[in-house]
Amino acid sequence: MAYSALLLGSIGVLAETSDIQRRAFNTAFELNEVDWHWDEETYRALLEVPGGKARLNYYAKAQAVEVDIDALYEAKLEAFETVLAGGVELRPGIADLIAEARTQEMKIGFVTATDPRQVAALLKGLESAIDSSIFDFIGDRTIAARTKPAPDIYNEALRQLDVTANAALAIEDTPESAEAAVAAGIRTLVYPGEQSRDRSFGEGVEVIDVPHVSILRAAPVAA
């Protein structure tokens with residue numbers, strides 16, 4: 001029995017976006033005259049809070065200040081979209097992985113639970129490398145009742161793709177996102193981004209340096 005589905009998780013699995021996100025937040029702070037600046041160390045810690053708005057809320061409470069979260073998040077989205085409009089590169093190994101999955105006639109899911117505008121911006125930025133039509137499922141935060149690390153978006157992907165958890169392989173980039181895939185009962189490999197490489201990953205995952213097509217040729221573990 002071979003895998004039936006390749007599930008690529010967070011947008012950071014496809015492209016290295018963490019620092020783009022960080023700089024977009026800082027642009028939003030400047031435009032809204034909020035006296036914040038997130039350096040790399042600060043942002044690395046904040047990545048433990050999934051979701052841009054949640055991250056802003058968490059930081060505002062930690063600083064004991066009131067800010068217009070919606071305005072900041074809107075400005076951040078616009079800054080992110082502007083940068084990605086110029087294009088972004090796929091991470092190493094992802095193009096080959098997608099090509100092999102298509103050769104094996106596997107279903108391919110982009111199982112992110114982020115803002116739909118960020119999903120659209122990323123796919124637009126990657127259009128010279130991949131056609132978004134290759135995805136049989138594309139997630140976003142409007143689809144799942146709870147965001148990662150809850151397994152909701154993965155459960156929905158499995159339902160829409162009509163595959164069982166033990167027939168799917170997930171690739172994620174952060175501990176929180178990997179936890180969501182594991183909770184859905186899916187074999188999970190972690191391909192950490194620059195901001196996640198020094199973080200601790202929980203049980204039930206395998207950390208890889210660069211994904212190789214051979215991972216799709218191994219038989220999945222029986223349920």
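The values are calculated or read from the model by the stated rules, or taken from the named source; none is laboratory data. In this text the structure is predicted, and so the values were computed from the model without any measurement. When we count neighbours, we look across all protein chains shown, and the Cβ atoms used for this are built from the backbone with ideal geometry, even at glycine.
Some notes on this structure:
- A single entry from ALA64, ALA95 fulfils the requirement of being at positive phi and of a type outside the set (Val, Ile, Thr): ALA64.
- Selection status of ILE208, among the β-branched types (Val, Ile, Thr) and in contact with a helix residue (DSSP H, G or I) (Cβ under 7 Å, 6 or more places away or on another chain): no
- Residue match in the stretch 202-209 (condition: in contact (Cβ under 8 Å) with a residue 40 or more places away in the chain and either assigned to a loop (DSSP other than H, G, I, E, B) or among the hydrophobic types (A, V, I, L, M, F, W, C) (or both)): no
- Only a single item in (1) of a type in the set (Lys, Arg); (2) assigned to a helix (DSSP H, G or I); (3) within 17 Å of ASP19 (Cβ to Cβ) is not met by ARG91, and it is number (2).
- Test result for LEU189, modelled with pLDDT of 95 or more, part of a strand (DSSP E or B) and in the same structural domain as ASP140 (by TED's automatic domain parsing): yes
- Filtered residues of the stretch 100-144 (kept if part of a loop (DSSP other than H, G, I, E, B) and β-branched (Val, Ile, Thr)): VAL111, THR112, THR114, ILE130, THR142, ILE143
- Scanning the stretch 163-184 for residues that are without any contact (Cβ under 8 Å) to a residue 40 or more places away in the chain, closer than 17 Å to PHE137 by Cβ and not aliphatic (A, V, I, L, M) returns no hits.
- For the stretch 110-132, the condition of being of a type in the set (D, E, K, R) and over 23 Å from ASP19 (Cβ atoms) holds for at least one residue.
- Under the condition of being part of a helix (DSSP H, G or I) and either farther than 12 Å from LEU8 by Cβ or in contact with a helix residue (DSSP H, G or I) (Cβ under 8 Å, 6 or more places away or on another chain) (or both), the residues counted in the stretch 156-176 number 10.
- When ALA113 is tested against (1) surrounded by 20 or more Cβ atoms within 10 Å (Cβ to Cβ); (2) more than 19 Å from LYS76 (Cα to Cα), exactly one condition is not met: (2).
- Residue in the stretch 81-100 that is under 15 Å from the mean Cα position of the chain (by Cα), closer than 21 Å to ALA167 by Cα, of a type outside the set (Phe, Trp, Tyr) and in the same structural domain as ALA183 (by TED's automatic domain parsing) present: yes
- Test: residue in the stretch 210-222 that is buried (at least 18 other Cβ atoms within 10 Å of the Cβ), among the polar types (S, T, N, Q) and free of Cβ contacts under 8 Å to residues at least 60 places away in the same chain: no
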